[in-house]
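Some notes on the structure that comes next.
The values are calculated or read from the model by the stated rules, or taken from the named source; none is laboratory data. All values derive from a computational prediction rather than experimental measurement. Cβ sites come from the backbone with ideal geometry, for glycine too, and all protein chains shown count toward neighbours.
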Amino acid sequence: MEKKFKDLLSKIKKYNPKADFAKIKKAFGFAAKAHEEQKRLSGDPLISHPLAVADVLASWKLDTDSIVAGLLHDVVEDGGKTTSQVEKNFGERIAVLVDGVTKIGDIKLRGRKEEEFVENLRRMIVVMAHDLRVVLIKLADRYHNMQTLSFLSKEKQVRIARETLEIYAPLAERLGMGEMKGILEDLSFPYCYPEEYKWAREYSEPYYYQAEEYIHKAIGEIKKSLEKEGIKAEVHGRAKHLYSLWQKLLRAEIDKDITKVYDLMAARLITDSVGNCYATLGIVHRLWKPVPAKGISDFIAQPKPNGYRSIHTRVFGVEGKIMEIQIRTQAMHEQAENGIASHWYYTEQKKRGRTDRELSSGVFAPSEKLSWVRQLVAWQGQIVDSREFLEALKFDALHHRIFVFSPKGDVFDLPQDATPVDFAYAVHGELGDKTIGAKVDGRMVSLDEKLKSGQMVEILTDKRRKGPSSDWLSFVVTTNAKRRIRRDLKKRTK
Ligand code: MN
């Protein structure tokens, strides 16, 4: 354990030489003492768990307080210490973080009353709005527990894996931590859907292998061209996560035909500036023609609502094979992998006088990114009925999302199956009330049409219209639209 702790210290030293190492050492000593003689089901001493959690936090380049709280996160729950002992030894900020992690507790979807589940989530959201580091520690905790899941009883394995798949993976996604989301899903997959997991693995294996060969060849050619143009870029391949592949295979248009999946492997180019991202795109397109219509997605000019930025292009690559190339800066890369976690690191760097340019202009505005958290906090004040709150949370915050555009190019983040009416209410309540029709990509559609990501939606209105139609309640999916329509109907029947 001492050796692992030393490794942790040198890992921190690399990204944060000014970390408070005395405090981190003290926390390790305190936790080791609290968990003395305690063992995990794997047979490892219990302290190995908080140490692993702190290690994950360090790989997200988090600050001293997060590392300290990570080391201490189980001392109250399992180590027989009190919150006030933590406060006396490490100060109030740390105590609040540890308390937050303890309070979130284990969110159990099954075997408990629904109200209790809602109450837990409510607490989680309140804590989250105050200090997101609590959620990051909880995610790191869940990640390590998922890695060691095989030692638990079958029943517990399935319950914990389901929770991970339904709550923690979507949460990671909403925090912009794409890589963590993929990892948590892949860890849960074999426990939640053992048959399907086995099928997906065996079916896809030869295709992954083949795709890897093509991408390998493509990377060689890209590297040569970039060198000729004098552009510095790191180029590597990335494989699609298995669970995400399985989800894609289930889509109607793919119909379990893996040859219709073009991003099994993708080449990823990481360069040093936004300018060079576009220069690189030009070089790639000179090598290979983009696939018409759906070829290029520029998430640098138009970032996804969770902050994701990159250029994706689909080209007829090596031997005419369709392949995906993703282009981004180093900062965008870290943001895509670690999402909100990368925020602290960049704020720290900025405090030290580094400019945005030096950080390859990749700093996002956290306030914007967290609007959904703030929205939830606002709701939990408004909505008294816990069932409604639960529905709101499940369907609006954790459900899979689609991204659609207004005619002006503003992007809106809506749950899957959202309709033009949901879109109208998301833009503005008044717009929703006056809606009489809708166009999607310039074509007239019915108001209950299910929208798809990337579509441009235009709402047609009539100023004289008195208000929403009660029929709309049968197809709208967002809580916002439902509430507005119900409220208006109630007003009119009075
Ligand atoms: Mn733990």
message = Just to be sure before I move on: is residue 98 outside any helix (DSSP H, G or I), hydrophobic (A, V, I, L, M, F, W, C) and at pLDDT 85 or above in the structure I sent?
response = no
query = Given (1) more than 13 Å from the ligand (Cβ to nearest atom); (2) polar (S, T, N, Q); (3) more than 26 Å from residue 180 (Cα to Cα), where does residue 10 come up short, assuming only one miss?
reply = (3)
query = Hey, does segment 177-185 have a residue that's within 14 Å of the ligand (Cβ to nearest atom), of a type outside the set (A, V, I, L, M) and closer than 24 Å to residue 48 by Cα?
reply = no
request  = Could you grab the pairs with beta carbons closer than 7 Å, sequence gap of 6+ or different chains, first residue in segment 71-84 and within 11 Å of the ligand (Cβ to nearest atom), second one of a type in the set (Asp, Glu) and assigned to a helix (DSSP H, G or I)?
outcome  = 73/141
task = Test each condition in (1) surrounded by fewer than 16 Cβ atoms within 10 Å (Cβ to Cβ); (2) within 13 Å of the ligand (Cβ to nearest atom) for residue 101 and report the one that comes out false.
result = (1)
message = If I go through segment 8-28 residue by residue, how many of them are within 15 Å of residue 46 (Cβ to Cβ) and out of contact with any helix residue (DSSP H, G or I) (no Cβ under 9 Å at 6 or more places or on another chain)?
response = 0
remark   = Filter segment 27-38 for residues that are assigned to a helix (DSSP H, G or I) and within 13 Å of the ligand (Cβ to nearest atom); the one that is nearest to the chain's Cα centre (by Cα) is 31
ask   = If you scan segment 39-49, which residues turn out to be in contact (Cβ under 8 Å) with a residue 40 or more places away in the chain, within 12 Å of the ligand (Cβ to nearest atom) and either in a loop (DSSP other than H, G, I, E, B) or surrounded by fewer than 22 Cβ atoms within 10 Å (Cβ to Cβ) (or both)?
value = 40, 47, 48
query = When you go through (1) more than 27 Å from residue 338 (Cβ to Cβ); (2) at pLDDT below 90; (3) outside any helix (DSSP H, G or I) one by one for residue 77, which number turns out not to apply?
reply = (1)
inquiry  = Suppose we keep only residues that are away from the ligand (no atom under 15 Å from the Cβ) and aliphatic (A, V, I, L, M) within segment 50-67. Which one would you say is surrounded by the most Cβ atoms within 10 Å (Cβ to Cβ)?
reply    = 62
remark   = Of the candidates 236, 241, the one satisfying the condition of being within 24 Å of the chain's Cα centre (by Cα) and more than 30 Å from residue 414 (Cβ to Cβ) is 236
query = Which of the following residues is closer than 22 Å to residue 200 by Cβ and at pLDDT 90 or above: 184, 139, 165?
reply = 184
ask   = How do the pairs read when you match residues in segment 141-156 that are at negative phi and assigned to a loop (DSSP other than H, G, I, E, B) with residues anywhere that are within 11 Å of the ligand (Cβ to nearest atom) and of a type in the set (A, V, I, L, M), using Cβ under 9 Å and keeping only pairs 6 or more apart or on different chains?
value = 148/52
task = Scan segment 458-476 and give yes if some residue there is surrounded by 14 or more Cβ atoms within 10 Å (Cβ to Cβ), at pLDDT below 90 and within 26 Å of residue 307 (Cα to Cα), otherwise no.
result = no
